[in-house]
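Asks: Quick one: structure below, then a few questions.
What follows draws every value from the coordinates through simple rules; no lab data is involved. Not measured: the values here are computed from a predicted model. Glycine gets a Cβ as well: all are built from the backbone with ideal geometry, and neighbour counts include every protein chain shown.
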Amino acid sequence: MTRIISPSMLSADFGNLERDTKMIDRSAAEWVHIDVMDGVFVPNISFGFPVMKPIRKATTKVLDVHLMIVEPEKYVKRFVEAGADYVTFHYEATEDIDGCIAAIREAGAKVGISIKPKTEASVLKDILAKVDLVLVMSVEPGFGGQSFIDGSLDKIRELAAMRQELGAKFLIEVDGGISSKNAGEVFAAGAEALVAGSAVFGAADPAAEIVKMLEA
């Protein structure tokens, strides 16, 4: 089974962004996760296009961009131009899901869709064949350092069952409260990619923590 760790740059040292990005580039992590928040869809503000450029320059890894912004369809092309390989938007953040999917594809990136903890996986059933990735939020989006919501495992299993039933190919990614302590059960539930922020950048040896998650 595929196992991918995508360290979240939201937990990196912003004063040493190049250093921390290069550390991830040398590590066993395959992706770099970039959280984009607008202060509207979630009660916090984070990266924009200018910050993505030095991250893209400092790594050859997959840039996994998670948009927590309203009307994402207006901005997806610019994020792809800034270096995004995956662009994930929220089901709850747009009234034009098909338009957003089309805009990401036309810009040349892979398409991800995300759902908040209180959104049922079933709302995605007619969308799953159109995307490359489904991101399950296992905490409320907007802030790092939160605890994993246990019910998320059932949602992951449900999505994995829907994927098999539909014969779809999307990856399941999980974001929130991930560490080496629970990575094994999250992978076992059917996820392929895990986002980890404070667990990686707060570790004494971030690269070793990434390996622990992959081997959990």
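Asks: Starting from the Cα of K61, draw a straight line to each of the lysines and keep only those under 29 Å, dropping any in the same chain fewer than 8 residues away.
Replies: Answer for K61, where 29 Å is the Cα cut-off: K22, K53, K74, K77, K110, K116, K130, K155, K169, K181, K212, listed by chain and number.
Asks: What relative contact order, as a whole-number percentage, does segment 41-191 give when Cα pairs under 8 Å and 6 or more residues apart are counted? Don't skip to the end; give the middle numbers.
Replies: Values: 244 pairs, mean separation 27.5, N = 151.
It rounds to 18 percent for segment 41-191.
Asks: P(r) for segment 32-115: what percent of alpha-carbon pairs falls in each 5 Å bin, starting at zero?
Replies: 3, 17, 30, 27, 16, 6, 1
Asks: Set the Förster radius R0 to 45 Å, insert the Cβ-Cβ distance between N16 and E165 as r into 1/(1 + (r/R0)^6), and round the FRET efficiency to 0.05.
Replies: Efficiency at R0 = 45 Å is approximately 0.50.
Asks: Here is a further query. To the nearest 0.05, what FRET efficiency results for I45 and M1 with a Förster distance of 30 Å applied to their C-beta separation? Write down the numbers at each step before the final one.
Replies: Working: r = 36 Å, r/R0 = 1.20.
Computed FRET efficiency for I45 and M1 comes out at 0.25.
Asks: Ranked highest first by the average count of other Cβ atoms within 10 Å around their residues, in what order do 178-187, 199-208 fall? Present the calculation step by step, with values, prior to reporting the outcome.
Replies: Working: 178-187: 19.5, 199-208: 17.0.
Ranking the peptides 178-187, 199-208 by packing returns 178-187, 199-208.
Asks: Sticking with this structure for a sec: Tell me, what HN-Hα J-couplings in whole Hz come from the Karplus equation 6.51 cos²θ - 1.76 cosθ + 1.60 at θ = phi - 60° for each residue of segment 90-105, using x for Gly and Pro?
Replies: 8, 3, 7, 9, 9, 9, 10, 4, 5, x, 5, 4, 4, 5, 5, 4
Asks: Quick one: 3J(HN,Hα) in Hz for segment 148-155, Karplus 6.51/-1.76/1.60 with θ = phi - 60°, rounded, Gly and Pro as x.
Replies: Calculated HN-Hα couplings, in order: 4, 7, 4, x, 4, 4, 5, 5 Hz.
Asks: If you take all C-alpha pairs in segment 1-151, what percent of them are over 29 Å apart?
Replies: Tail of P(r) above 29 Å: 12 percent of Cα pairs.
Asks: Sticking with this one: Given a Förster distance of 22 Å, report the FRET efficiency between D150 and K125 from their Cβ-Cβ distance, rounded to the nearest 0.05.
Replies: 0.40
Asks: 5 Å is the cut-off here: which amide hydrogens, built 1.01 Å from N in the peptide plane, fall below it relative to V136, excluding neighbours closer than 5 in sequence?
Replies: The list, which skips near neighbours in sequence, is E173, V174, D175.
Asks: So how much slack lies between D205 and A107, counting 0.36 nm per residue of separation and subtracting their Cα-Cα distance, in nm?
Replies: This chain segment gains 31.6 nm when fully extended.
Asks: Please state, as a whole number in µm²/s, the translational diffusion coefficient that the Stokes-Einstein equation yields for segment 109-216 at 20 °C and 1.002 mPa s, with Rh defined as the Kirkwood radius across alpha carbon pairs.
Replies: Calculated translational D: 152 µm²/s.
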